[in-house]
Amino acid sequence: MKQFKNMTYPYILWISIMIVVPMFMILMYAFTKHGNDVATFWFTFENFTRFFSDIIFINVLKQSLYIAIITTILCILLGYPAAYIIANAKEKNKVFLILLITFPTWINMLVRTYAWMGILQDNGILNNILSLFGLQTKLLHTDFAVILGMVYNFIPFMILQIHTSLTKMDKSLLEAASDLGADKLQCFLKVTFPLSLPGVISGITLVFLPAMSSFFIPKLLGGGQYVLIGNVIESQFLTAGNWNFGSAISLIMAIIIMISMYITKKIEIRNSTGKGKILH
Amino acid sequence: MKQSKKIGSKIYMAIMIIFFYLPIIYTIIFSFNSSRSLTKFGGFSLQWYQKMFHDSTMMQSIFYTIVIALLATLVSTIAGTITAIGLSKSNRILKGIVEQINDLPIMNPEIVTGIGLLMFFSALGVKKGFMTLLLAHIMFCIPYVILSVTPKLRSLDPNLADAALDLGATPWQALVKVIVPQIMPGIVSGALIAFTMSFDDFIISYFVTGNGVNNISILVYTMSKRINPSINALSSIIIVIITVVLLLVNIIPILKQKKEKTKYEA
Amino acid sequence: MKKLIQFKNIVKDFDGQLVLKGINLDIYENEFVTLLGPSGCGKTTLLRILGGFLNQTEGQVIFDNTEISHVPPYKREINTVFQKYALFPHMNVYDNIAFGLKIKKEPKDIIEQKVQRMLKLVNLEDYAKRNVTELSGGQQQRIAIARALVNEPMVLLLDEPLGALDLKLRKEMQHELKKIQQEVGITFIYVTHDQEEALTMSDKIVVMKDGEIQQIGSPTDIYNEPINEFVAKFIGESNIIDGVMLDDYRVMFEDKIFDCVDFGFDKNEKIDVVIRPEDLDIVPRKDGKLKGIVRSVLFKGVHYETIIETKVGTSITVQMKVSDEKPVINTEANEKMSANDFYLDVSDIEELTEATIVARADAQAWNPDTEEWISIQKISYDIKPENGTYPVTFSTAAGTSVTVNMIVKDENRVINKEYQEKIFAVNFFKTADEIKESIALETDLKTWANASAWSLDEDTPVEITSIHYDFDPENITVGTYNVTFATEGHEYMVDTTDKYEVGDEVGLMFQPQDIHIMKKG
């Protein structure tokens, strides 16, 4: 059956061209600027210094981080109880609930986000409901709308990840814990929650990453003036036409995302080893 | 105490479900709105559907979306399955490297993949349009197919293929008669993921297409600047298509099972 | 009989790891050959090389007078019954069995006939349309055999085929397999790690270890004349004793000279003596060739497995000083606290940690009302690595404190030259209550006395198997008591039908032909 390994080679060629080369082009563009001739390039850090010396870009970066972090935290806070409820539901309900949560994710994100534009409008459904309590306020084109759009789009990933780690958990561990005298809350805090952390971590990855780089949610729900780092990259490529600068910004964004992921993973590892120490 | 907790859970889940489905229901209802308003329902009408069917750019975008999704699914399912089988027989180092690169399009922000492809295509001097869109979709679909086929291959009893060879099957016969039927569920779900990924894609498509070749997502994005209730009609159609696809995928195996059971009992 | 398969110097190397180290083996027509060995010995690798699923690094496989190393598995006249059967789950019983015939494009009616015949052979005539996943382990097993045999191979390979079955079914299948082999009259090569399976079914057993063949022979040869310690231990239970061959037919072990039936060894050659448990008899002490004490008795269904110790292991006796010291009471903080003096060896001081001190002094503080433990906050001590008495003070946050002595003394070990063992233990202090409250007294005694034993040549720990004390833990009073710790001595396993009591003093009897002599190493 060894001969089957030859079946990998076409794909290796394909990914080299379609994945590796474009990634290298981003790197190359980020560190170069155009010479007078189209074929000449100069190595430079100019694209990066330009980004970090301009207060406008720094503020965009801060705003993007702020939105992404708030979104991630909200997804954990709102998603964890949902995942927990589903994991503890009856087998039949469980399948149904998971289906209910997954189904919307199969439908085009843009379509769903577009719908929120109508719902959040000044005289839209939500404001109509709020006005019953005399609370009518501007919803569309605010931070609230952008965060709502992001939580809406990304929370299913968080719920599913946490749910998987909760259901994968060996139920006898909980029985063991209560056998050893832990009450329900202690069972949750000392056994269930630590063991579901890997799910939370991969949930964070799946939420933070698209939240950080999204550009159509801020455009649709934040309005034309609302700018996050994804919008800057978009405009550099499609309107300003400065590919070198755009590549540099996307590289900065990718690095920030990688660092955040690294820190999250580190925290998790520290937590689990710290717990190990107490046991010894 | 327990009862109140249960009711609490139920209320929480109900609010969650309403949150998830509010936009979908809103879209469907307002696609039948007789007025132009996105906020007040003026009465039932099919005018936005009529408008949509007469709008050639909309119809074209639906056509492109479906054609691209079908082609990308077909190619990526075949290529992904072949690669996954090859990888399962490859040595660990090669496997590790390919899997790492394979993860890039999934783990990278889509915008990064999008601009990378944009620069790559223009460096090659390829005209942006149908071809670039299709290539990009195949590129980001294959990893999902590989990811859904690989676990099935891994859980396969390694002796199954050997058993086929032992009984006189050539490696090719073993592949077709034993391995592929065994990993079929993985291939089908890979194809399904590929189809919806392609069907729903916006970000990557947005960067790599051009010359008027738009898919539904791009159309919604560009049209969203003005109020246009036809978008709701278009959205409703998408919702219906996806629902039908998902129902078919979920129901066909159940029906098949039932059929087999009745056959068996008879 | 004709030679069917020849392995010639087969070497297999997996990424630098030698799994087979030059296997030479001939297999004849119609033989039931078992490759027997512990997991990792290379038996499955050898089978997979024969099946064509692996290529050897060196050497030749000759099948029916032709070299087949480069023949792919699907062209070999060999079929395999795989571990866990490897039935195709997407096909029913009939299609599984017909698979090989369909591949060969045999006519439909012939396939039908052959499959039916096979189903009859394995007693599953009515199961043709069943889904294989619905079958029990034993039924799947039979289908796997039928699927292989329907192709009329010259050799059937079986890779631990009974491993997944329960004991009763395994026994049934052993007989069934033997019956099938005799009926179809082809060579079976059977891989297992179960010595009993090998002994019941085989014509020839090949015992393997670490990629090498240890012994080839009939089941009786291998059982009665194991070639070395490994084979003796692997095939059945056995007592293996160090001995010296004084002359032909004369062997010395346990410092006594015995007659035996073995010859051809060098004079005074060091050898291993093997005596099977069923060849030993327990007799009155005065009649025994060896004398000992019954150490344990286990009921094994048909017989008792009795362990007789003929010679004690390395032992050390220490004193346990029982006092009636009362805990310190701190009424102000409502705390009680206790600790005891303890002995230490000079060599312990280097690695002395606070945790060790707390454990050895058994320092504890508690609230007398709630019985809740209170943590010891501070430990102050000063110690030098030489003999002497050093005070150590434990205190709690509330200020309750206890001072005890650490006594360093370096005369606490016994060295046993014969066994190359060293045992260590120290005297210790306890209160009567602590002994009464112990829930695992022997383990606590070991901890309190800090008892441990090592092998001198390898510096590895040796288990302390016997702990002997001369007090009644339920009714202990103040005083000094002896506690003896010992390692395992010379023990013999004897199968008896009579039940003996632990502690009985008995004799052991055996005949010259019960003694089997093996070369060392």
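What follows draws every value from the coordinates through simple rules; no lab data is involved. None of these values were measured; they are calculated from a predicted model. Every residue, glycine as well, gets a Cβ built from its backbone with ideal geometry; the counts of neighbours run over all protein chains shown.
With θ set to phi - 60°, apply the Karplus curve 6.51 cos²θ - 1.76 cosθ + 1.60 along the range A:236-253 and write out the HN-Hα couplings as whole Hz, x wherever there is a Gly or Pro.
Whole-Hz 3J(HN,Hα) from phi for the range A:236-253: 4, 8, 9, 10, 6, x, 9, 5, 5, 5, x, 5, 4, 5, 5, 5, 4, 4.
Cα-Cα pairs above 37 Å in chain C: how many percent? Write out the running numbers ahead of the final one.
Numbers: 73109 of 135460 pairs.
So the pairs more than 37 Å apart make up 54 percent of the total in chain C.
Please identify the helices of chain B, taking whole runs of DSSP H, that span at least 30 Å along their own axis as judged from the Cα atoms and have a mean Kyte-Doolittle score of 0.5 or higher.
Numbers: long enough: B:2-31 (43 Å, 1.01); B:56-88 (46 Å, 1.56); B:130-154 (36 Å, 1.45); B:230-265 (51 Å, 0.96).
Result, helices passing both filters: B:2-31, B:56-88, B:130-154, B:230-265.
Return the loop-located chymotrypsin sites (Phe, Trp or Tyr not before Pro) in the range A:190-234 (DSSP other than H, G, I, E, B) with at most 14 other Cβ atoms within 10 Å of their own Cβ; answer none if there are none. Walk me through the numbers before you get to the answer.
On the way: sites: A:F208, A:F215, A:F216, A:Y226; in loops: A:F215, A:Y226.
Of the chymotrypsin sites (Phe, Trp or Tyr not before Pro), not one in the loops of the range A:190-234 has a Cβ with at most 14 other Cβ atoms within 10 Å.
Among C:V404, C:H468, A:I256, pick out the residue whose Cα is farthest towards the positive end of the charge dipole of the protein assembly as shown, where Lys and Arg carry +1 and Asp and Glu carry -1 on C-beta, about the Cα centre.
A:I256
When Cβ neighbours within 10 Å are restricted to other protein chains, what is their mean count per residue of peptide B:129-136?
Numbers: counts 0, 0, 0, 0, 0, 0, 3, 2.
Neighbouring Cβ atoms belonging to other protein chains average 1 per residue here.
Apply 1/(1 + (r/R0)^6) to the Cβ-Cβ distance of C:D242 and C:V283, taking R0 = 30 Å, and write down the FRET efficiency to the nearest 0.05. All intermediate terms of the calculation are to be shown ahead of the outcome.
Details: r = 24 Å, r/R0 = 0.79.
After rounding, the FRET efficiency stands at 0.80.
Extension gain C:I329-C:R250, at 0.36 nm per residue separation less the Cα-Cα distance, in nm?
On the way: separation 79, 0.36 × 79 = 28.44 nm, distance 7.14 nm.
Between C:I329 and C:R250, full extension yields 21.3 nm more.
Once R0 is set to 45 Å, what does the formula 1/(1 + (r/R0)^6) return for the Cβ-Cβ distance between A:N123 and B:L248, expressed as a FRET efficiency to the nearest 0.05? Intermediate results must be reported in sequence, preceding the final value.
Working: r = 40 Å, r/R0 = 0.88.
That pair, A:N123 with B:L248, gives E of 0.70.
How would the protein assembly as shown be classified by its alpha-carbon gyration tensor: rounded, prolate or oblate, with rounded meaning a/c under 1.5 and the a/b versus b/c comparison settling the rest? Let's see the in-between values first.
Working: a/c = 2.40, a/b = 1.44, b/c = 1.66.
Since a/c reaches 1.5 but b/c is at least a/b, the shape of the protein assembly as shown is classed as oblate.
If packing is taken as the average count of other Cβ atoms within 10 Å, what order do A:58-66, C:187-195, C:275-283, B:138-146 fall into, highest mean first?
Values: A:58-66: 16.1, C:187-195: 22.2, C:275-283: 18.6, B:138-146: 25.8.
Put in order of decreasing packing, that is B:138-146, C:187-195, C:275-283, A:58-66.
Helix-only estimate, please: 222 nm mean residue ellipticity of chain B, summing -39500 (n - 2.57) across DSSP H runs of length 4 or more and dividing by its residues, to the nearest 500.
On the way: 12 runs with 211 residues, N = 266.
Calculated mean residue ellipticity at 222 nm is -27000 deg cm²/dmol.
Would you mind classifying chain A by shape? Square roots of the alpha carbon gyration tensor eigenvalues, ordered a ≥ b ≥ c; an a/c under 1.5 is rounded, otherwise it is prolate if a/b is larger than b/c and oblate if not. Mind dumping the intermediate values first?
On the way: a/c = 1.93, a/b = 1.31, b/c = 1.48.
Oblate shape, in that a/c is at least 1.5 and b/c is the bigger or equal ratio.
Give me the base-10 log of I(q)/I(0) for the range B:33-119 at each q in 0.23 Å⁻¹, Debye formula, one uniform scatterer per Cα, rounded to two decimals.
-1.15
Suppose R0 equals 45 Å; then what is the FRET efficiency for A:N59 and B:Q100 from their Cβ-Cβ distance, rounded to the nearest 0.05?
0.80
Relative to the present Cα-Cα distance, how much length would full extension add between C:W366 and C:N131 at 0.36 nm per residue of separation?
78.0 nm
Across peptide B:230-236, what mean number of C-beta atoms from other chains lies inside 10 Å of a residue's C-beta?
Taking the mean over all residues of the peptide, I get 3.
List every residue whose amide H lies under 5 Å from the amide H of C:G59, counting only residues 5 or more places away in sequence or on a different chain, with H placed 1.01 Å from N in the peptide plane.
C:V11
Counting other beta carbons within 10 Å of each residue's own, what order do C:D341, C:D15, C:D324, C:D203 fall into, fewest first? Walk me through the numbers on the way to the answer.
On the way: C:D341 19, C:D15 5, C:D324 9, C:D203 16.
Lowest to highest Cβ neighbour count: C:D15, C:D324, C:D203, C:D341.
How far apart, in nm, are the 7 Å Cα→Cβ label points at C:K179 and C:K436?
Result: 6.6 nm between the two label points.
How tilted is helix C:137-149 with respect to the longest principal axis of chain C? Cα atoms for both, answer in degrees (0 to 90, nearest 10).
40 degrees
Once amide H atoms are placed 1.01 Å from N in the peptide plane, what residues at a sequence separation of 5 or more from C:L54, or on another chain, have their amide H within under 5 Å of its amide H?
The answer is C:I49.
Within a 10 angstrom radius of each residue's Cβ in A:235-246, how many Cβ atoms of other chains show up on average? Whole number is fine. Walk me through the numbers before you get to the answer.
On the way: counts 0, 1, 7, 4, 0, 0, 0, 0, 4, 0, 0, 4.
Going residue by residue through A:235-246 and averaging, the value is 2.
Pairs of Cα atoms under 8 Å, at least six residues apart: use those to get the relative contact order of chain A, whole percent. Each step should come with its number before you reach the end.
On the way: 271 pairs, mean separation 68.8, N = 280.
In percent, rounded to a whole number, it is 25.
Taking amide hydrogens as modeled 1.01 Å from N in the peptide plane, which residues meet the under 5 Å criterion relative to C:T465, leaving out close sequence neighbours?
It is C:A486, C:T487, C:E488, by chain and number.
Choose one of C:A232, B:G42, C:Y249: the residue whose Cα lies farthest towards the positive end of the charge dipole of the protein assembly as shown (beta-carbon charges +1 Lys, Arg; -1 Asp, Glu; about the Cα centre).
The residue sitting farthest along the positive end of the dipole is B:G42.
Looking at this model, which pairs from C:K267/C:K519; C:K209/C:K519; B:K95/C:K75 are more than 20 angstrom apart at the alpha-carbon? Could the numbers behind the result be given before it?
Working: C:K267/C:K519 13 Å; C:K209/C:K519 17 Å; B:K95/C:K75 30 Å.
Too far apart for the 20 Å limit: B:K95/C:K75.
What distance in nm separates the simple spin-label points at C:K378 and B:I227, each placed 7 Å from Cα in the Cβ direction?
Those two pseudo-labels are separated by 7.9 nm.
If the cut-off is 27 Å between C-alpha atoms, which lysines fall inside it for B:K51, apart from same-chain ones fewer than 8 positions away?
A:K219, B:K40, B:K225
For the pair A:L197 and C:E505, how long in nm is the line joining their label points, each one 7 Å along Cα→Cβ?
6.3 nm
Below 8 Å, C-alpha to C-alpha, sequence gap of six or more: please give me the relative contact order for chain B in percent. Provide the component values of the computation, followed by the final result.
Numbers: 254 pairs, mean separation 81.9, N = 266.
Relative contact order for chain B comes out at 31 percent.
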